[in-house]
There are 2 protein chains.
Amino acid sequence: MPNINPVELILAKREGKAISAKDIASFIENYMAGAIPEYQMSALLMAIFFQGLDAREIASLTQSYIDSGQIIKFPAELIVADKHSTGGVGDKISLMLAPIAASLGLAVPMISGRGLGHTGGTLDKLESIPGFRTQYAPEEFQALVEKHGCALIGQSDALVPADKRIYALRDVTATVESLGLITASIMSKKIAEGSEHLVIDLKIGSGAFMPDLGKARELSKLLVSTGASFSQKVQVVFSNMNSPLGLAVGNALEMVEAIEYLKGNPLRDTKILTTELTARLLLSGGLAASEREAVDMIQTAVSSGKALAKLEEIITAQGGDPRVLDDYSLLGKTSVKIPVLAETGGYVKAIDARAIGYALVRIKAGRMQVSDSIDYGAGALLIPKIGDCLEKGEPIGEIHANDQAQAEEVVRLIRAAYTFSPEPIEKEELILDTM
Amino acid sequence: MPNINPVELILAKREGKAISAKDIASFIENYMAGAIPEYQMSALLMAIFFQGLDAREIASLTQSYIDSGQIIKFPAELIVADKHSTGGVGDKISLMLAPIAASLGLAVPMISGRGLGHTGGTLDKLESIPGFRTQYAPEEFQALVEKHGCALIGQSDALVPADKRIYALRDVTATVESLGLITASIMSKKIAEGSEHLVIDLKIGSGAFMPDLGKARELSKLLVSTGASFSQKVQVVFSNMNSPLGLAVGNALEMVEAIEYLKGNPLRDTKILTTELTARLLLSGGLAASEREAVDMIQTAVSSGKALAKLEEIITAQGGDPRVLDDYSLLGKTSVKIPVLAETGGYVKAIDARAIGYALVRIKAGRMQVSDSIDYGAGALLIPKIGDCLEKGEPIGEIHANDQAQAEEVVRLIRAAYTFSPEPIEKEELILDTM
């Protein structure tokens, strides 16, 4: 039996009162033990959506999430750092950042998610590598990071199981978009995995969950203050998600783009963002004395081949086939390739990145349900960014798929996601702000 | 599978949008069929608590509640009327109103509830009569009303089962206090039971759910407009619940007070309220042409013994022992009687009627959980109302119980529920307003 009255706690939050750390802990504990049913949790989540959580309550909730599972403690001599992205379209930054950072001496215990809805997931991209294993017990995960400087795995039931269960409930009760709940969900995972330094890529725009910088600033304050109450140094980079990131959207295609980056062929936007995020971790961890030095270190990690070697080491350590680094066809094959041509010329005025993400679900480059299967090879290469100028009939990009009819529909949908203007349109900054 | 997306419907309400009649119907239908789980219903209920329901949505929800079960249709020649009280302490008005109204030619299909928390329930009071049966199928219920002009029964699963299930969920998810949900819950039952005329005793004050007249007026507008959309004539009487009603609080004690009333020994406040509520039904149903005539009819129903005879007829028809009308000991016995004496003299300034209700749960005159057992004989006789003057040592009342230790605690708690002032305090009106 709960040693709190769940109805009184829901009522208190409904009335806008702050809940004590003890009561939050008891509510979560009893929920996880099955003594508080789903319907009381969902009522509380909706009350929280409307009344919010203050900084102290968020820290308490984060602590309760962490307490629901194991915690990883790395040896004190390691400088443990991680990156979190709030999710976007074409966001493969982790695939470059993790090996670069690990090759420069940071320990990167990266726990990633799967794609859902319009956004992709690092885990799916990694699983386009034949044999690549992403499920590990916390002890195995820790050993991988200590040995190789990095491991890239999926969320397990052993770490913050309360977050996993509550996130699934939020998803089906329209209670996802609560800053307090988002903060506790992000931070609990990043604290339980043992990171001391965290950089958050808070994406804003048509392909992101955050529509504007105002709301994003609010969230970033909560993320930083929550990190601080767990002695974690959190930095936030606000990045533009009005254009898909890089060239590729789709699992194998993004993996190829990441490998090419590490071979010394980076794209402009992914290079800016990867460098910004990685540099902040190097500075926070004390491995670089200045931004200049950090940027140089990152350049060298790529140009020397150290970062690519680190990726190879990680792939091998996690059971993946390292031949993918040279033979991209191992990552996934597609029988259909259709160009997407501009029907009118002009300057790209807007890109509905979210619509692109949803369109690609049709060729299984993404999924709508957790249980949907993925076609690793499927995806799109998308060239222009906002402000770029195209002639009529010039390629917007190319669809790679294994289903001709669906691919044709995707071409139509993606073409419709681009709006052109006859007048010049100003190009947008990728990094909007930092904190 | 639901033909609506439950998450989208919850989200729409969360964002303050109005839900279509079709979507409300589908949500309730699928919930009752088990296709929508409790946790989505509770999330929706909490979203409704914050965003409200407009008049059209309330009518749609009421319709969906009604559609979840059977509906009673009385022959057109009957004038079907009922009363609903929002619940108070010492509220035994139904026990007088129903037989008086039935003896005057109204058909009264009264479905009552059980006591919970600080408020009593008509059903428990009736069940203090040995043999009195309160569970009937809709057809039996209808037959009883058609034959005897009245039946007093409990809610069954056959009528508005959706309300019963959703009410139970609201109770454990802190979503009771929503005007829209309250309105649909009250009105669906009163429409499904076939009433054309309804008077609502909307109680306000320390012993009521409504703390003030403002909120009560809001609710009453919703009740009247919802009734109107189902061709039901609804009147609302706002009554004062700052003092317990009548003398007795407790099941057998209240039954005795009601029988005494019908024997021609009414108390001042119960007479005012019973007369007001019954007169409104006689006028609405066209059985009286003026308030004066209605009041005279009610007086005569009591003084002639017709109302008492009707109560005897109802008791007998529902399997109860009619000897209780003369031998009150059959209703329940208590071994402990302790006076509650005023520790200080003065004018009664305030009575915490809610605290009195909760105190009496200790001697099982009421219950905290639906499953708690009741001691029918247990209760209190409470004399002074706000504004009355007592000398120090004069009796506030008397506790009847079967547990000496608990009774002594109740004496202490009830004494503490009365606040005295050395200065005269104005007596309060019982009827605050009507609509």
ask   = Pairs under 9 Å by beta carbon, first residue assigned by TED's automatic domain parsing to the domain that holds A:Gly366 in the stretch A:389-408, partner acidic (Asp, Glu) and open to solvent by 70 Å² or more (accessible area, probe 1.4 Å), six or more apart or different chains?
value = A:Lys392/A:Glu343; A:Gly393/A:Glu343; A:Ile399/A:Glu408
Residue within the stretch B:21-29 that is away from chain A (no Cβ under 12 Å) and not in a helix (DSSP H, G or I) present = no
ask   = Can you name the residue in the stretch A:169-190 that is surrounded by fewer than 24 Cβ atoms within 10 Å (Cβ to Cβ), more than 17 Å from the chain's Cα centre (by Cα) and in a loop (DSSP other than H, G, I, E, B) and is also nearest to the other protein chains (Cβ to nearest Cβ) among such residues?
value = A:Val172
ask   = Restricted to the stretch A:155-168, and to residues that are within 14 Å of another protein chain (Cβ to nearest Cβ) and within 18 Å of the chain's Cα centre (by Cα), which residue is surrounded by the most Cβ atoms within 10 Å (Cβ to Cβ)?
value = A:Tyr167
task = Could you please let me know if B:Leu152 is in contact with a Leu (Cβ under 9 Å, 6 or more places away or on another chain), at pLDDT 95 or above and surrounded by 23 or more Cβ atoms within 10 Å (Cβ to Cβ)?
result = yes
query = Can A:Ile338 be described as open to solvent by less than 70 Å² (accessible area, probe 1.4 Å), part of a helix (DSSP H, G or I) and touching a strand residue (DSSP E or B) at 6+ places or on another chain (Cβ under 7 Å)?
reply = no
Matching residues, the stretch A:23-66, being open to solvent by 30 Å² or more (accessible area, probe 1.4 Å) and of a type outside the set (A, V, I, L, M) = A:Asp23, A:Glu29, A:Gly34, A:Pro37, A:Glu38, A:Tyr39, A:Phe49, A:Phe50, A:Gln51, A:Asp54, A:Arg56, A:Gln63
query = Of A:Gly16, A:Gly69, which residue is open to solvent by 10 Å² or more (accessible area, probe 1.4 Å), within 14 Å of another protein chain (Cβ to nearest Cβ) and of a type outside the set (D, E, K, R)?
reply = A:Gly16
message = Any residue that is within 14 Å of chain B (Cβ to nearest Cβ), farther than 22 Å from A:Val145 by Cβ and not in a strand (DSSP E or B) - is there at least one of those in the stretch A:75-94?
response = no
remark   = Every listed condition ((1) surrounded by 18 or more Cβ atoms within 10 Å (Cβ to Cβ); (2) over 26 Å from B:Asp375 (Cα atoms)) holds for B:Ala350 save (1)
query = On the given criteria, is A:Gly88 out of contact with any helix residue (DSSP H, G or I) (no Cβ under 6 Å at 6 or more places or on another chain) and on the phi > 0 side of the Ramachandran plot?
reply = no
query = Where in the stretch A:201-308 are there helices (runs of 4 or more DSSP H), lying wholly inside it, with at least 1 residues that are more than 23 Å from A:Tyr328 (Cβ to Cβ) and open to solvent by 50 Å² or more (accessible area, probe 1.4 Å)?
reply = A:213-228, A:268-284, A:291-303
request  = Return yes or no: is B:Ile111 part of a helix (DSSP H, G or I), away from chain A (no Cβ under 14 Å), open to solvent by less than 30 Å² (accessible area, probe 1.4 Å) and in contact (Cβ under 8 Å) with a residue 24 or more places away in the chain?
outcome  = no
task = Hey, could you check the stretch B:30-51 for residues that are in contact with a Ser or Thr (Cβ under 7 Å, 6 or more places away or on another chain) and more than 15 Å from B:Leu181 (Cα to Cα) and say which is nearest to the other protein chains (Cβ to nearest Cβ)?
result = B:Tyr39
query = Taking the stretch A:364-388 on its own, how many of its residues are in contact (Cβ under 8 Å) with a residue 40 or more places away in the chain, within 17 Å of A:Lys125 (Cβ to Cβ) and open to solvent by 10 Å² or more (accessible area, probe 1.4 Å)?
reply = 8
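The values are calculated or read from the model by the stated rules, or taken from the named source; none is laboratory data. Computed from a predicted structure; not experimentally measured. Neighbour counts are summed over all protein chains in view; Cβ atoms, including those assigned to glycine, are modelled from backbone coordinates with ideal geometry. Heads up: the accessible areas ignore ligands, DNA and RNA and are worked out on the full protein's heavy atoms, side chains in. Shrake-Rupley method; radii C 1.70, N 1.55, O 1.52, S 1.80 Å.
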